[in-house]
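**Student:** Pasting a structure here, questions to come.
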Amino acid sequence: MVHGGMTIVKYLLFIFNFVFFISGIAIVIIGFVVKSSLSKYDSVIEGENDTASAVFLIIIGFIVTIIAFFGCCGAIRENHCMVVTFAVLLGVIFILELAAGITAFVYRGKVNDLAVDAVSNTWENYGQHGYDELSNSIDIIQHDLDCCGVNGSSDWSSLPWGQNSSHVGDVPDSCCDDETLGCGKGQLEKKTKIHTQGCYDQLRDAMRSSVLVIGGVGIGVAFIQLVGIVFACCLAGAIRRNYEMV
């Protein structure tokens with residue numbers, strides 16, 4: 001058994017791993033929440049790896065919980081092999097999480113381009129034959145983000161859907177403050193009960209927020225893991241010296 005200050009390190013490592021286990025679960029939950037919030041816009045941001053970082057975070061979270069459990073066992077049993085393995089695995093996860101965080105922040109710089117591509121290439125197809133899923137995604141965006149059109153509600157007058165004889169002077173019901181069937185009728189000019197802000201700014205801000213959450217969580221947890229790596233190395237050294245003395 002380890003003695004003196006190393007006993008404190010042993011229990012600190014156990015406590016760290018318990019907290020680490022909880023953080024792993026938290027990472028998984030955050031990853032699912034971010035993925036869910038972004039996946040609603042998949043049809044609009046088609047072809048882009050907008051949820052890749054979130055999925056990566058979920059995978060890391062699952063791995064973290066397993067490693068944390070492994071570390072707890074190694075600390076309590078004072079098993080040199082388990083503690084060293086834990087430190088190595090923690091180092092690998094540290095690098096992966098740091099990479100995920102940096103990737104997210106780099107991706108943040110591309111959000112403007114993605115938002116421009118999304119709104120310019122998809123609103124034109126709203127309500128057109130064969131674009132039901134895309135149209136539904138646009139409705140979700142306009143409803144959830146309290147926006148209407150690309151740059152504003154007036155855009156609908158120049159979009160194919162708004163130029164259709166059955167929709168002249170209308171905006172989609174998803175533009176309404178209180179969405180009900182037919183609430184967008186005649187609201188293109190009146191603008192009395194619809195959102196007037198365009199979806200470009202709103203979509204860009206929503207994507208930025210999600211990316212910042214992923215990046216912040218990834219980098220934050222990664223640096224906390226450095227403490228665990230130091231504790232594990234100290235304890236592994238003490239256990240090895242103990243074995244050599246015996």
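**Student:** For residue 221, are the conditions met, namely being more than 30 Å from the chain's Cα centre (by Cα) and open to solvent by less than 40 Å² (accessible area, probe 1.4 Å)?
**Tutor:** Numbers: more than 30 Å from the chain's Cα centre (by Cα): no; open to solvent by less than 40 Å² (accessible area, probe 1.4 Å): yes.
Spelling it out, it is not the case that residue 221 is more than 30 Å from the chain's Cα centre (by Cα) and open to solvent by less than 40 Å² (accessible area, probe 1.4 Å).
**Student:** Right, something else. It is to be established whether one or more residues within segment 127-140 are touching a residue at least 40 places away in the same chain (Cβ under 8 Å), hydroxyl-bearing (Ser, Thr, Tyr) and assigned to a helix (DSSP H, G or I).
**Tutor:** Checked against the condition, which is being touching a residue at least 40 places away in the same chain (Cβ under 8 Å), hydroxyl-bearing (Ser, Thr, Tyr) and assigned to a helix (DSSP H, G or I), segment 127-140 yields at least one hit.
**Student:** Here's something else I'd like to know. Across segment 126-142, which residue is least open to solvent (accessible area, probe 1.4 Å) among those that are touching a helix residue (DSSP H, G or I) at 6+ places or on another chain (Cβ under 6 Å) and closer than 9 Å to residue 160 by Cα?
**Tutor:** Once the filter is applied, the top-ranked residue is 126.
**Student:** Only one of 209, 166 is without any contact (Cβ under 8 Å) to a residue 40 or more places away in the chain and in a helix (DSSP H, G or I); which? Walk me through it before giving the result.
**Tutor:** Values: 166 fails: in a helix (DSSP H, G or I).
Being without any contact (Cβ under 8 Å) to a residue 40 or more places away in the chain and in a helix (DSSP H, G or I) holds for just one of 209, 166, which is 209.
**Student:** Taking segment 181-205, which residues are open to solvent by 50 Å² or more (accessible area, probe 1.4 Å), among the polar types (S, T, N, Q) and not in a loop (DSSP other than H, G, I, E, B)?
**Tutor:** Across segment 181-205, the qualifying residue is only 197.
**Student:** Output the qualifying pairs, or none if there are none: Cβ atoms under 7 angstrom, residues six or more apart or on different chains, first residue in segment 88-104 and within 20 Å of residue 234 (Cα to Cα), second residue surrounded by 16 or more Cβ atoms within 10 Å (Cβ to Cβ) and among the polar types (S, T, N, Q).
**Tutor:** 90/225; 93/225; 94/225
**Student:** Please determine, by comparing only the residues of segment 143-180 that are crowded, with 17+ Cβ neighbours inside 10 Å and among the β-branched types (Val, Ile, Thr), which one is nearest to residue 205 (Cα to Cα).
**Tutor:** 150
**Student:** Of everything in segment 145-155, what is assigned to a helix (DSSP H, G or I) and touching a Phe, Trp or Tyr at 6+ places or on another chain (Cβ under 9 Å)? Give them in sequence order. Show your work before the answer.
**Tutor:** Step one: list which residues in segment 145-155 are assigned to a helix (DSSP H, G or I), which gives 153-155.
Matches in segment 145-155: 155 only.
The values are calculated or read from the model by the stated rules, or taken from the named source; none is laboratory data. In this text the structure is predicted, and so the values were computed from the model without any measurement. Heads up, the Cβs are rebuilt from the backbone with ideal geometry, glycines too, and the neighbour counts pull from every protein chain shown. Side chains included, ligands, DNA and RNA excluded: accessible areas come from the protein's heavy atoms. Shrake-Rupley method; radii C 1.70, N 1.55, O 1.52, S 1.80 Å.
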